[in-house]
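Notes follow once the structure below has been shown.
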Ligand code: NAD
């Protein structure tokens, strides 16, 4: 739906306040909480993809010239896999998650319940306009929330497709798609949501964070940054070059975790440039004519990227065509770290190589900038990759490949510092959209176990309580069970012996009962 103009009163059905109230009311009915509802909505989302693959691919082609293979793998299949995983694990995730017990909780039941926040706002970006909007939505539905989806207005064909088709598949009371540019998104952000999930630039991320803070709304911010690549001399140059060029030119470099720049020694630079030139030709012999290479999304982005090429030492590429917003796969060599291309996230098919003296200089270089979303190392020496991982930070990292870590659903995906807050994918998505409610279930009984907490207080009670509550490494689960069963079995045995003294050994009976009774035949 479109928002009604701001001058229309807040009783209008397209006013942000009314939309949010509607979703809140639907949440309060409790219908999103049941397993059956969540499963049905996720299944419908899967149907949406199955029945509209071609339409989505067409829209992505119009927006970004996105090749069908890229559209299917990076926008559709990846989200469908998220749904499949959710459907498989949802029951388990929705149940209580027991936590470690201590001596003081041995007889209790401490656990975490994952419960929905309520109404969540998901704001998407234009570069993967299906994936970045609907992948978080999978987690939001699985966790039992109502959702307001805000696609990016920049990828307008995909925005329109989702606006028109998605509501046909999902519950109309609980899920809404709203189309809005920056100004209207600002109006939406004035409302109080229970959670906001935002993907986009760090600059707008700050605006979203500020708006959320006014209502103390928790957020996930999936932002950007400059993701470095280290290449050392032990790496296989051709395979390294091929993987880097693939990752850089996927979606024409408009990928948040695309390799942004390469750090290597001058000696490696020469070999790497040769290998990249060959790999680039092998992957895309004629990128301008090939259907396998994207275009830049807008004239604004195209002009910015064209500007970054000025006064650079182009190793290969550098061809641009304004009419089709085409920029060829481009590698820049001997790049000055102070040049504009190194002062902003590139987000296009331009790859600068910055020569450094050694691995320590490379580490210092990365650590002197903002914390990146991804970091890549190509080496055959584990000591090198270990050192880099230990001495730097980033949202995620991948050794000897690029981008692929984000396809592992068991790995939380997200940034750190200015590249983001929070993470998602797989169980992590479910966690992100859930409040972790801590529950301690005790029995009304066994009060003597922690009776020392009650007044009147005394030194001996302090000592007893301290000993009971003192941290000890977790008891193995089987030990707690064994103690309980062991104690039960032992007391049963003792009770039986005491009620049938003739089963006791003679010596014990003498001690316990004095004279040995004669009716046991002994
Ligand atoms: P963007 O910040 O321009 O827009 C993202 C969303 O914010 C859009 O839906 C847009 O409508 C909305 N928006 C824009 N201006 C706004 C404003 N003033 N107030 C409120 N909302 C506003 O980002 P983009 O250009 O679409 O995406 C590119 C950036 O996103 C890059 O930095 C990239 O690294 C980052 N990104 C990050 C991830 C990730 O998963 N971490 C994924 C994709 C893109």
Final fewest-first order of 439, 354 on the 10 Å Cβ neighbour count is 439, 354
Please label the shape of the stretch 1-154 as rounded, prolate or oblate, based on the square roots a ≥ b ≥ c of the eigenvalues of the alpha-carbon gyration tensor (a/c under 1.5 means rounded; beyond that, a/b larger than b/c means prolate, else oblate). oblate
For the chain, what does the equivalent ellipsoid look like in terms of its semi-axes, each the square root of 5 times an eigenvalue of the Cα gyration tensor, given largest first in whole Å? 56, 33, 21
Using only the alpha-carbon atoms, how far is helix 299-308 inclined from the longest principal axis of the chain? Give it as 0 to 90 degrees, nearest 10. 80 degrees
Using Cβ counts within 10 Å as a stand-in for footprinting exposure, how do 405, 88 rank, fewest first? 88, 405
Would you work out the relative contact order for the chain, in percent, from Cα pairs under 8 angstrom that are 6 or more residues apart? 17 percent
Per residue, how big is the convex hull of the stretch 1-89 when only Cα atoms are used? Give it in Å³. 123 Å³
Using the Kirkwood formula on the Cα atoms of the stretch 184-278, what hydrodynamic radius do you get, in angstrom to one decimal? 16.0 Å
Calculate for the chain the 222 nm mean residue ellipticity that helices alone would give, adding -39,500 (n - 2.57) per DSSP H run of length 4 or more and normalising by residue count, nearest 500 deg cm²/dmol. -13000 deg cm²/dmol
R0 = 41 Å: FRET efficiency of residue 495 with residue 393, Cβ-based, nearest 0.05? 0.10
Does the stretch 228-408 come out rounded, prolate or oblate by the C-alpha gyration tensor, with a ≥ b ≥ c the root eigenvalues, rounded set by a/c under 1.5 and, if not, prolate when a/b is larger than b/c and oblate if not? prolate
Footprinting proxy, 394, 102: sorted fewest to most Cβ within 10 Å, the residues are 102, 394
Any chance you could give the angle, 0 to 90 degrees and rounded to 10, that helix 131-142 forms with the longest Cα principal axis of the chain? 20 degrees
If we sort 30-41, 219-230 on the protection proxy, mean other Cβ atoms within 10 Å, highest first, what's the order? 219-230, 30-41
Sequence ranges 493-499, 276-282, ranked by mean other-Cβ count within 10 angstrom, highest first: 276-282, 493-499
Measure nothing but the geometry: give the 0 to 90° angle between the long axis through the Cα atoms of 237-249 and the longest principal axis through the Cα atoms of the chain, rounded to 10°. 80 degrees
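Each reported figure results from applying straightforward, stated rules to the coordinates on display, with no laboratory input. Being a predicted model, the structure only gives us computed values, none of them experimental. Neighbour counts run over all protein chains shown; Cβ positions are idealised from the backbone, glycine included.
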